[in-house]
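The values are calculated or read from the model by the stated rules, or taken from the named source; none is laboratory data. What you see is a predicted model; the values in this text were computed from it and never measured. Here Cβ is always computed from backbone atoms with ideal geometry, including for glycine, and neighbour counts include all displayed protein chains.
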Amino acid sequence: MSVPRFWRKISKRYNLEGTRCTQCGRTFYPPRTFCPDCRRSGEIVPFRFQGKGEVVTFTVIRTASDAFARQTPFVLAIIRLDEGPRVTAQVVVENVSEAHIGMRVRSVFRRIGTEGDSGVIYYGTKFVPDVPYPEG
Amino acid sequence: MTGIITYGAYIPRYRIRLEEIARVWGDNAQDIIGGLGVREKSVPDLDEDTATIAVEAARNALTRREIDPGEIGAVYVGSESHPYAVKPTACTVGEAIRATPAMTAADYEFACKAGTAAIQTCMGLVGAGMIRYGLAIGADVAQGAPSDALEYTAAAGGAAFLIGRDDPIARIHGTVSFTTDTPDFWRREGQNYPRHGGRFTGDPGYFKHVQGAAHLMLEQAGTSPGDYDYAVFHQPNAKFPRRVAEHLGFTPEQIRPGLVVPELGNTYSGATMVGLAATLDVAKPGDRIFVTSFGSGAGSDSFDVEVTDAIEAGAFRRDAAPTVRQLLSNPIYVDYAHYAKHKGKIVMQ
Ligand SMILES: [Zn+2]
């Protein structure tokens, strides 16, 4: 990915910012400027997702390009956010065997990749299992 | 009066036991654990660094209290492990909490006290009426060269404090600093790991500066150690803060909640900040907290803090974000090989 292409969407990647149709309530991520259901009658407004959701399906990546090689094996999942839209993102688990369909997850801020030792560091949203912290 | 509006901490879930590090280098584990008073230390995940830790700590702070991020006029991140040599971590944090673009930002470096220096800067800007809120963060993924003494304690973590004037959960009655030019610990530009003056740097470095700042603070506040419910000192190991507390006249009970180094290790710029966060986690309205950081090079910042009724009021929800104790619980232990992978530690000094 080019630096400018990443850069233009940086806030939306960091903060799970999408849009919402005020007519039917449907939410979009990545953001859309047009509601396919309501067409011109729907007004589109910014909407920030809470970052909680559920794994719909996933795959385990065991071989990856240089930028991600140090992180293999890792889980890449399609997550249905509680507000509706589906996003593709990495789920960070202790062991890839933990991942399962229906797993509850929450968003975290992590390094997505780097361009070698001297290039840009890409940050963004990943997910971790949404387990409550112990008492105390 | 200027004070803390909200706060949050973050600690990665991975840990390595000092026993495991000693095993690899053939050191006597019991001597080292006994000498340092540290049993284990935190290790960042493969995709965690100072920026991600700073963001998570800042988000935990903002989870505890509803603040319009657009009102945050300054973000300062203190660290000695900023991901870039040139490109501020503070900009990434500002973007990730939606405080951009109407804000000032900078990264701070002053060994382990860059985070408390950030609190002082925010106090000044807030006090002068230039900004409504300022966010001060101390975070590090601390570096220690393989087999160096620092490797036993260099840990990862951080804490964020939102400074402002409106209804603070804790007032900061005053702050003073004590600074000299002392070569006790350093890292030259381009080097991967810091170096230090050896084991005898404690007296001219840590003890001289922590005591210097603490005495100035007590004098300015007109207080004595007995006036405080809690005290937090920079904690490169458990021995130094215990000894300095004793020299100054603070009791082991006063430093207990904020002494997290035995299970966390030394989070450098995060250390005093996480200790203060852990103390605020248990503090009650009216409690008074004495705080003194230390950064090699060298200097100490001291603070006189008093917890207000707002810490238990509706606008501030302490249990909405994890406490330091909760962040320390349920760790995942790694062996040295995993640890080296997590730290990207293949460069030998
Ligand atoms: Zn619609």
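Every condition in (1) outside the structural domain of residue B:162 (by TED's automatic domain parsing); (2) under 23 Å from residue B:252 (Cβ atoms); (3) touching a residue at least 40 places away in the same chain (Cβ under 8 Å) is met by residue B:298 except one, and the failing one is (2).
Could you check the stretch A:82-120 and list, in sequence order, the residues that are hydroxyl-bearing (Ser, Thr, Tyr), away from chain B (no Cβ under 12 Å) and under 14 Å from the mean Cα position of the chain (by Cα)?
Step one: of the stretch A:82-120, the residues hydroxyl-bearing (Ser, Thr, Tyr) are A:88, A:97, A:107, A:114, A:118.
Pick out the ones that are also away from chain B (no Cβ under 12 Å) and you get A:88, A:97.
Within the stretch A:82-120, just A:88 meets the criteria.
Applying the criterion of at least 1 residues that are at negative phi, among the small types (Gly, Ala, Ser) and away from chain A (no Cβ under 11 Å) to the helices (runs of 4 or more DSSP H) found wholly in the stretch B:260-349 leaves B:271-282, B:336-342.
A residue that is surrounded by fewer than 24 Cβ atoms within 10 Å (Cβ to Cβ) and small (Gly, Ala, Ser) can be found somewhere in the stretch B:284-298.
So in the stretch A:23-75, with the set limited to residues that are within 16 Å of the ligand (Cβ to nearest atom), assigned to a loop (DSSP other than H, G, I, E, B) and among the polar types (S, T, N, Q), which one is farthest from the other protein chains (Cβ to nearest Cβ)? Before you say what the answer is, go through the steps one by one.
Let us first name the residues in the stretch A:23-75 that are within 16 Å of the ligand (Cβ to nearest atom), namely A:23-29, A:31-47.
Right, trim to assigned to a loop (DSSP other than H, G, I, E, B) and you get A:23-26, A:29, A:31-34, A:36-38, A:40-43.
Narrowing the set further to residues that are among the polar types (S, T, N, Q) leaves A:23, A:33, A:41.
Values: A:23: 26, A:33: 20, A:41: 30 Å.
The extreme case among them is A:41.
Among residues of the stretch B:141-179 being acidic (Asp, Glu) and surrounded by fewer than 19 Cβ atoms within 10 Å (Cβ to Cβ), the one that is nearest to residue B:47 (Cα to Cα) is B:148. For the stretch A:121-136, filtered to residues that are in a loop (DSSP other than H, G, I, E, B) and more than 9 Å from chain B (Cβ to nearest Cβ), the residue that is surrounded by the most Cβ atoms within 10 Å (Cβ to Cβ) is A:130. Within the stretch B:71-86, the set of residues being over 25 Å from residue B:294 (Cβ atoms) and more than 13 Å from chain A (Cβ to nearest Cβ) comprises B:71, B:72, B:73. Only residues that are more than 13 Å from residue B:137 (Cβ to Cβ) and touching a strand residue (DSSP E or B) at 6+ places or on another chain (Cβ under 6 Å) were counted across the stretch B:68-79, and they come to 1.
With respect to residue B:248, determine if the residue is more than 15 Å from the chain's Cα centre (by Cα) and closer than 26 Å to residue B:183 by Cβ. Criteria met by residue B:248.
Right, residue A:57: loosely packed, with under 15 Cβ neighbours inside 10 Å and at pLDDT 95 or above or not? So residue A:57 passes the test.
Residues that are free of Cβ contacts under 8 Å to residues at least 60 places away in the same chain and of a type in the set (Phe, Trp, Tyr) within the stretch A:84-136 comprise just one, A:133. Taking the stretch B:1-56 as the range and being surrounded by fewer than 23 Cβ atoms within 10 Å (Cβ to Cβ), of a type in the set (S, T, N, Q) and free of Cβ contacts under 8 Å to residues at least 60 places away in the same chain as the test, the residues that pass are B:28, B:30.
Only one residue in B:52, B:100, B:63, B:89 is at pLDDT 95 or above, closer than 30 Å to residue B:183 by Cα and within 12 Å of chain A (Cβ to nearest Cβ), so which one is that?
On the way: B:52 fails: closer than 30 Å to residue B:183 by Cα; B:100 fails: closer than 30 Å to residue B:183 by Cα; B:63 fails: closer than 30 Å to residue B:183 by Cα.
Result of the check over B:52, B:100, B:63, B:89: B:89.
Considering only residues that are surrounded by fewer than 16 Cβ atoms within 10 Å (Cβ to Cβ) and part of a strand (DSSP E or B), which ones fall in the stretch B:62-114? Those that are surrounded by fewer than 16 Cβ atoms within 10 Å (Cβ to Cβ) and part of a strand (DSSP E or B): B:104, B:106.
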